[in-house]
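Undergrad: Have a look at the structure that comes next, please.
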């Protein structure tokens with residue numbers, strides 16, 4: 001987090017959760033070199049991940065071969081999916097550390113805390129408040145749920161053995177191990193710690209990457225929202241045209257100095273043409289728009305494979321990818337700009353902005369399907385259709 005302290009606090013504070021989760025999994029975005037201790041810890045974690053995942057695969061094999069009851073699949077499959085996603089997301093972010101670092105730094109460099117209108121400040125405040133609320137709810141919901149899942153079997157084992165007098169040892173997960181984990185209390189506790197520690201750090205990777213993606217998408221959506229307001233306020237005059245007007249005005253001022261002094265008339269052009277803090281140059285708006293488009297494309301390069309697996313496992317995280325609507329709204333803001341007061345060149349620039357903004361920026365699933373709320377509703381609708389079909393077939397057979 002020290003690296004981000006050069007940026008505004010409202011920008012880097014939402015990253016605290018994801019950086020904390022990733023650090024617990026020994027993943028650092030801004031630390032390019034690892035110490036010998038860090039490399040050793042990474043090696044140990046990889047060994048734990050691989051052996052734990054392999055034990056889950058063996059348990060799944062036993063379920064489908066009939067050695068374990070099929071009802072065990074209900075307990076085993078969700079854990080297997082979360083472990084798979086955690087490992088996959090960790091691999092994705094490790095392979096794209098430089099890109100993630102570039103997105104964060106570039107987004108932080110264009111982040112603005114000053115020079116905004118009251119309306120922009122209000123909208124930015126609402127979006128930051130929503131991000132912090134979602135992060136807090138998502139964080140505590142997952143932390144409480146995870147620790148409850150990990151500790152309940154241990155407390156139940158203690159209660160059954162020391163209160164009810166039963167000889168029962170329970171584990172948090174159904175793992176197939178090459179030894180009897182219930183032979184004594186020492187082996188039981190070591191095995192219990194191994195399973196919990198391995199799964200906990202897979203969850204840390206899972207949540208760390210999720211929070212990183214959510215925070216980046218939210219910040220990008222905020223910048224698009226501010227850009228929409230700037231597009232509305234952009235004055236219909238180009239910087240070059242303004243300079244030419246100033247030259248002509250200065251010439252007239254030199255010729256008519258005496259008349260101006262007599263009549264007390266201000267002809268320096270400031271009353272009509274000065275672009276105030278609330279009226280940005282259209283060139284600056286275009287430059288910022290192009291920067292945000294490049295950042296959204298880079299963000300898609302990092303996360304498009306991960307989004308594919310999110311859709312594959314039907315996660316709901318796609319609801320946070322709201323910068324699609326914000327980027328498309330730039331076209332509406334350009335249309336409502338005072339373009340009709342500008343010259344032909346200015347009007348052509350507005351046309352190009354509208355044309356480009358009609359191609360919304362979004363994350364994709366393997367560069368095939370854009371990830372939007374429409375995609376989510378389509379997935380739900382298709383799922384319900386197949387479910388209804390299955391029920392109809394089942395009732396017909398009965």
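Undergrad: If a/c stays under 1.5 just call it rounded; otherwise compare a/b with b/c (prolate if a/b is bigger, oblate if not). Do that for the range 130-211, with a ≥ b ≥ c from the square roots of the Cα gyration tensor eigenvalues.
TA: It comes out oblate by the Cα gyration axes.
Undergrad: Residue 186 versus residue 62, label points 7 Å from Cα toward the beta carbon: distance in nm?
TA: With each label placed 7 Å out from Cα toward Cβ, I get 2.4 nm.
Undergrad: Using a/c under 1.5 as the rounded threshold, could you call the range 10-103 rounded, prolate or oblate? The axes a ≥ b ≥ c are square roots of the C-alpha gyration tensor eigenvalues, and prolate needs a/b larger than b/c, oblate otherwise.
TA: Verdict is prolate for the range 10-103.
Undergrad: Can you compute the label reach from residue 8? Point 7 Å from Cα along the Cβ direction, backbone N cut-off under 13 Å, restricted to the range 99-121.
TA: Under cut-off, by backbone N: 107-121.
Undergrad: With a Förster radius of 25 Å, plug the Cβ-Cβ distance of residue 91 and residue 33 into 1/(1 + (r/R0)^6) and report the FRET value to the nearest 0.05.
TA: Result of the calculation: an efficiency of 0.80.
Undergrad: Which of the peptides 289-296, 300-307, 208-215, 38-45 is most tightly packed, and how do the rest follow, going by the mean number of other Cβ atoms within 10 Å of each residue?
TA: 208-215, 300-307, 289-296, 38-45
Undergrad: Shifting gears a bit: Taking 56 Å as R0, compute the FRET efficiency from the Cβ-Cβ separation of residue 355 and residue 23 and round it to 0.05.
TA: Calculated transfer efficiency: 0.80.
Undergrad: On to the next question. Under 1.5 on a/c is rounded, so check that first for the range 186-234, then, if it is not, pick prolate when a/b is larger than b/c and oblate when it is not; a ≥ b ≥ c are the square roots of the alpha carbon gyration tensor eigenvalues.
TA: Judged from the Cα gyration tensor, the range 186-234 comes out prolate (a/c at least 1.5, a/b above b/c).
Every number here is computed from the coordinates shown, using simple stated rules; none is lab data. All of these numbers come straight from a predicted model, not from anything done at the bench. Neighbour counts are summed over all protein chains in view; Cβ atoms, including those assigned to glycine, are modelled from backbone coordinates with ideal geometry.
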